[in-house]
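Structure first, then comments.
The values are calculated or read from the model by the stated rules, or taken from the named source; none is laboratory data. Given the structure is predicted, the values throughout are model-derived calculations rather than measurements. Here the Cβ positions follow ideal geometry from the backbone for every residue, glycine too, while neighbour counts run over all protein chains shown. Just so you know, the surface numbers come from the protein's heavy atoms only, side chains and all, with ligands and any DNA or RNA stripped out. Shrake-Rupley method; radii C 1.70, N 1.55, O 1.52, S 1.80 Å.
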Amino acid sequence: MKLFLGLIQPTSGSAMLLGEEPYRSTEGRARIGYMPENDCLPKSMTASEFLMHMAQVSGIPPGQARTRAADVLRHVGLDEERYRPIGEYSTGMKQRVKLAQAIVHDPVLVLLDEPTAGLDPDGRQEMLRLIHRTANTFGISVMLSTHLMGDVERTADSVIVLESGVLAQEGAVAKLTEETETLLIEVADRHEEFVTALAARGVQTSDDGQLLIIEQAREADYDLIRDAAVESGARIRRLSPERRTLTDIFRSRPA
């Protein structure tokens, strides 16, 4: 992110952003926004004043800056709070201000550094919804940096995994978390009878305490599972292929 922001130069190789090397030209940098992780907002300014200032710094005339600031603060849910000093804001409200200043100048790309840092579960979900809505409403491409894999799965279309500065893996999130051939089964009752009926049909299972697991399930196994449930009288609550998560992918990588 520091390379893309033009704050540092590469020790080797190059970094291209919107067709330019951002550490050599300011034109590309003017078209991106940045939401920092650290708490770096001016506490004595109101959100309205701060957004107007950031808009004008980006070259927007004062009158347009005022309108743009009001529109963006309304978008992030701070319309009624925009005249309060930022120092009185909660952590969640400050995160919204940081997102607002990153998009107030209508960039084509916004870089978000740990946007859900310090938020409780409800605040995290709302921030992720806001990021998704921002991309759809304003047509802004979003680059998200986070160590929370659940946030990536909820928000991103594609993922890049870096290990010690080297590209380790990349691809579409949907592809990386696609269904596996492992089948998960949860029954409401008659657990042992159901397992016995499956075993009699040559279907081997393992048990993780809550779910029955069938590795390398075949299409024909679905019929055998149905027959075993009828014979044993077990009620099936869940029957679904297992999906990999990004966390699973990280855990499975060699140390």
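Would you mind finding the one in Val166, Val142, Val152 that is open to solvent by 20 Å² or more (accessible area, probe 1.4 Å), β-branched (Val, Ile, Thr) and over 26 Å from Arg74 (Cβ atoms)?
Criteria check complete, one pass: Val166.
Kindly indicate whether Leu78 is farther than 23 Å from Glu126 by Cα, in the same structural domain as Asn136 (by TED's automatic domain parsing) and under 27 Å from the mean Cα position of the chain (by Cα).
No; evaluated as a whole, the condition is false for this residue.
Thr196 meets all of the listed conditions (1) open to solvent by 30 Å² or more (accessible area, probe 1.4 Å); (2) closer than 30 Å to Glu219 by Cβ; (3) in contact with a strand residue (DSSP E or B) (Cβ under 7 Å, 6 or more places away or on another chain) but one, namely (3).
Residue check: Arg29 meets all listed conditions (1) over 20 Å from Leu112 (Cα atoms); (2) modelled with pLDDT under 95 but one, namely (1). Can you say whether Arg124 is part of a helix (DSSP H, G or I), over 28 Å from Arg29 (Cβ atoms), open to solvent by less than 70 Å² (accessible area, probe 1.4 Å) and of a type outside the set (S, T, N, Q), as far as the supplied structure shows? So Arg124 fits the description; yes. In region 181-207, the residues that are of a type outside the set (A, V, I, L, M, F, W, C) reach residues that are assigned to a strand (DSSP E or B) and open to solvent by 50 Å² or more (accessible area, probe 1.4 Å) with C-beta atoms within less than 7 angstrom, at least six apart or across chains, in these pairs: Thr182/Glu242; Glu186/Arg237; Glu186/Arg238. The single condition among (1) out of contact with any helix residue (DSSP H, G or I) (no Cβ under 9 Å at 6 or more places or on another chain); (2) surrounded by 20 or more Cβ atoms within 10 Å (Cβ to Cβ) that Ala188 does not meet is (2). Note on region 2-53: among residues that are of a type in the set (A, V, I, L, M) and open to solvent by 50 Å² or more (accessible area, probe 1.4 Å), the one that is farthest from the chain's Cα centre (by Cα) is Met45. For region 87-110, state whether one or more residues are farther than 17 Å from Met35 by Cβ, assigned by TED's automatic domain parsing to the domain that holds Ser48 and buried (at least 17 other Cβ atoms within 10 Å of the Cβ). Scanning region 87-110 turns up no residue that is farther than 17 Å from Met35 by Cβ, assigned by TED's automatic domain parsing to the domain that holds Ser48 and buried (at least 17 other Cβ atoms within 10 Å of the Cβ).
Pairing each residue of region 209-229 that is in the same structural domain as Leu198 (by TED's automatic domain parsing) with any residue that is open to solvent by less than 70 Å² (accessible area, probe 1.4 Å) and in a strand (DSSP E or B), provided the two are 6+ apart or on different chains, yields C-beta distances under 6 Å for Leu211/Leu184; Leu211/Glu186; Leu212/Ile185; Ile213/Ser206; Ile214/Leu183; Glu215/Thr182; Ala217/Leu183; Ala229/Ile236.
For region 43-57, check the following and say yes or no: at least one residue is in the same structural domain as Val108 (by TED's automatic domain parsing), β-branched (Val, Ile, Thr), in contact with a Lys or Arg (Cβ under 7 Å, 6 or more places away or on another chain) and at pLDDT below 95. Explain how you work it out, then say what you get.
Within region 43-57, the subset in the same structural domain as Val108 (by TED's automatic domain parsing) is 43-57.
Next, from what is left, pick out any that are β-branched (Val, Ile, Thr): 46, 57.
Cutting the leftovers down to in contact with a Lys or Arg (Cβ under 7 Å, 6 or more places away or on another chain) gives us 46.
Pick out the ones that are also at pLDDT below 95 and you get none.
So far as region 43-57 goes, no, none of its residues is in the same structural domain as Val108 (by TED's automatic domain parsing), β-branched (Val, Ile, Thr), in contact with a Lys or Arg (Cβ under 7 Å, 6 or more places away or on another chain) and at pLDDT below 95.
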